[in-house]
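The values are calculated or read from the model by the stated rules, or taken from the named source; none is laboratory data. Not measured: the values here are computed from a predicted model. Don't worry about glycine lacking a Cβ; one is built from the backbone with ideal geometry, like all the others, and counts go over all protein chains shown. Accessible surface is based on the protein model in full, side chains and every heavy atom, while ligands, DNA and RNA are left aside. Shrake-Rupley method; radii C 1.70, N 1.55, O 1.52, S 1.80 Å.
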Amino acid sequence: MTLAELDLTGDLARPARLTVSDLLRWPQHQARVSFECATSGVQRHGFTGPLLYDVLSDAGPGFDPARRKDRLRFLIAVTGADGHHALLSWAEIDPDFAHAPVLLAVGIDGTPLDLAGPQLVLPQDRCGARHISGITAIRVDGAYGGRRPVPATPGRASAATP
């Protein structure tokens, strides 16, 4: 029996490979979620797991303390075993901004997700399109694929260096 693993990568001081058992070390939160599914109607489930914010903060995102509100430029890309992807901004999960209670669910309706892997759960989304099952990777990116932002010149759109 092999436990599912997810890779935390990107602009992190402490990238990691985590299992559902590892995710149980963080404080657990519960969320009752209802979302509309285009193919099967309204779905209702109870999820349990740590906040995405707590897990990613522990990995040490590479925020530049010299840049005002630097964390606002960071994106979070989540990939599932079935190929589904979702993208979030750091501002969505940060308590100083939107403070969305996004979970890395380790259980659904009382059933552990040890073998299937954690699920991304966004209770605030009306549609479940960003709910990702069997997460295999989470990438935190403040450089957008290796390109650093360049300040805009007056009268011109901002550019990026190659």
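Couple of notes before you dig in:
- Here P162 meets each of (1) open to solvent by 80 Å² or more (accessible area, probe 1.4 Å); (2) over 24 Å from D22 (Cβ atoms); (3) modelled with pLDDT of 50 or more with one exception, condition (3).
- Which listed residue, of L75, L18, is modelled with pLDDT of 95 or more and within 17 Å of L122 (Cα to Cα): L75
- Checking G49 against (1) small (G, A, S); (2) surrounded by fewer than 18 Cβ atoms within 10 Å (Cβ to Cβ); (3) within 16 Å of the chain's Cα centre (by Cα), the condition it does not meet: (2)
- Close pairs from the stretch 29-47: first assigned to a strand (DSSP E or B), partner open to solvent by 50 Å² or more (accessible area, probe 1.4 Å) and charged (D, E, K, R), Cβ under 6 Å, at least 6 apart: S34/R44; V42/E36; H45/D109; G46/R32; G46/D109
- Matching strands (runs of 3 or more DSSP E) fully within the stretch 53-137 where at least 3 residues are surrounded by 17 or more Cβ atoms within 10 Å (Cβ to Cβ) and within 13 Å of the chain's Cα centre (by Cα): 75-80, 103-105, 119-121
- Just so you know, in the stretch 1-24 the residues that are open to solvent by 30 Å² or more (accessible area, probe 1.4 Å) and among the aliphatic types (A, V, I, L, M) include one that is farthest from V106 (Cα to Cα), and it is A13.
- Residue within the stretch 81-93 that is over 28 Å from T19 (Cβ atoms) and either in contact with a His (Cβ under 6 Å, 6 or more places away or on another chain) or modelled with pLDDT of 90 or more (or both) present: yes
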